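In what follows, a single structure is set out as structure tokens and then discussed.
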Amino acid sequence: MSESNKPPTGISVERRDLQSLTLHEMHEVFSDPSNEEIDRLAADVKARGLQHKIEITPDDVIIAGRKRWLALMSLGWESAFCRVRNDLAAKGELAIVEYIILDNLARRQHGQLETARAYRALKQSRDRSGVKGGQDLRDVLAVHFHLSGGSLDRLCRILDAPRAVQDAFDKGELRLVDAAKVGRISRDKQDKIVAEIDSGVPAQDAVDRCLGRKAATSPTRTAHKPPTAPLTIAANKLVSATAELVQLVGSGHSILPAHRRTIEAAILRLSDLL
């Protein structure tokens, strides 16, 4: 292949027609941005301009920047300069999938089940590609999102439970370990639990009865407590710092040995908290 015919490498900045862009299917793992989020970003773009470019593959598939794309479209923009990730395209589909999932997890606040859906999608993508190391992936994501590896596995089992059980867990009405058990029981038992929840029985009581335990009598019992405000603030700062690190590495900055040691030390300290 001659030099002139070689595919481009690295990252280039090119103007692209916004109507021609499409979303990568992996974005479906995450909830859509709300209209309020899009409107806020559109107002910011109108006031300050586009601060961060949309990232795309060479064939116009959006890797990062779904909300930016929607905001620009709502403002009537016809085109915009985009960061074309030839580097990721050269590494293959798995590299693109990993970037989309990790970037989404780092940039936005997600519930525990949405994090589990992302982990499952990423693991399935790795399995299809024949890449080993799913356990390492689990542990990295678990530490990154304030969970233990076992908790992340249990969250994935909740994804196999009925939607009513998932919703009850999200609302704090059902313990993680019990919601995970529902994902493993028979369909008949799952249907019985859903029927009780739909009839007004508290989710934890419905699950307790199905599992052969005596239900609590207190109507005010909650399955798990929400995080305190200071912890939430600290966790959000950690997520923001991680997003910045991901963005810097994605834009071409190298992780030096000193950086790696610092990151590993931080992960170990976080592991001690879990």
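The values are calculated or read from the model by the stated rules, or taken from the named source; none is laboratory data. All of these numbers come straight from a predicted model, not from anything done at the bench. No Cβ is skipped: glycine too gets one built from the backbone with ideal geometry, and neighbour counts run over all protein chains shown.
Here are the numbers:
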quantity: Pairs with Cβ under 6 Å, 6+ apart, first in segment 22-49 and in contact (Cβ under 8 Å) with a residue 40 or more places away in the chain, second among the small types (Gly, Ala, Ser) and surrounded by 12 or more Cβ atoms within 10 Å (Cβ to Cβ); calculated: 29/118; 29/121
quantity: Residue ID - modelled with the highest pLDDT, chosen from residues in segment 84-97 that are surrounded by 19 or more Cβ atoms within 10 Å (Cβ to Cβ) and under 26 Å from residue 119 (Cβ atoms); calculated: 85
quantity: Long-range neighbours under 8 Å by Cβ, at least six apart or interchain, first residue in contact (Cβ under 8 Å) with a residue 12 or more places away in the chain within segment 234-260, second hydroxyl-bearing (Ser, Thr, Tyr); calculated: 250/99
quantity: Condition broken by residue 143, with the remaining ones in (1) modelled with pLDDT under 80; (2) of a type in the set (Val, Ile, Thr); (3) more than 17 Å from the chain's Cα centre (by Cα) satisfied; calculated: (3)
quantity: Yes/no for residue 215 being modelled with pLDDT under 75 and over 19 Å from residue 154 (Cα atoms); calculated: yes
quantity: Yes/no for residue 180 being exposed (fewer than 15 other Cβ atoms within 10 Å of the Cβ) and modelled with pLDDT of 90 or more; calculated: no
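For every residue, the table says whether it meets (1) among the charged types (D, E, K, R); (2) in contact with an Asp or Glu (Cβ under 8 Å, 6 or more places away or on another chain); (3) surrounded by 16 or more Cβ atoms within 10 Å (Cβ to Cβ); (4) in a strand (DSSP E or B).
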site	(1), (2), (3), (4)
26	no, no, yes, no
37	yes, no, no, no
41	no, no, yes, no
44	yes, no, no, no
51	no, yes, no, no
59	yes, no, no, no
67	yes, yes, yes, no
70	no, no, yes, no
76	no, no, no, no
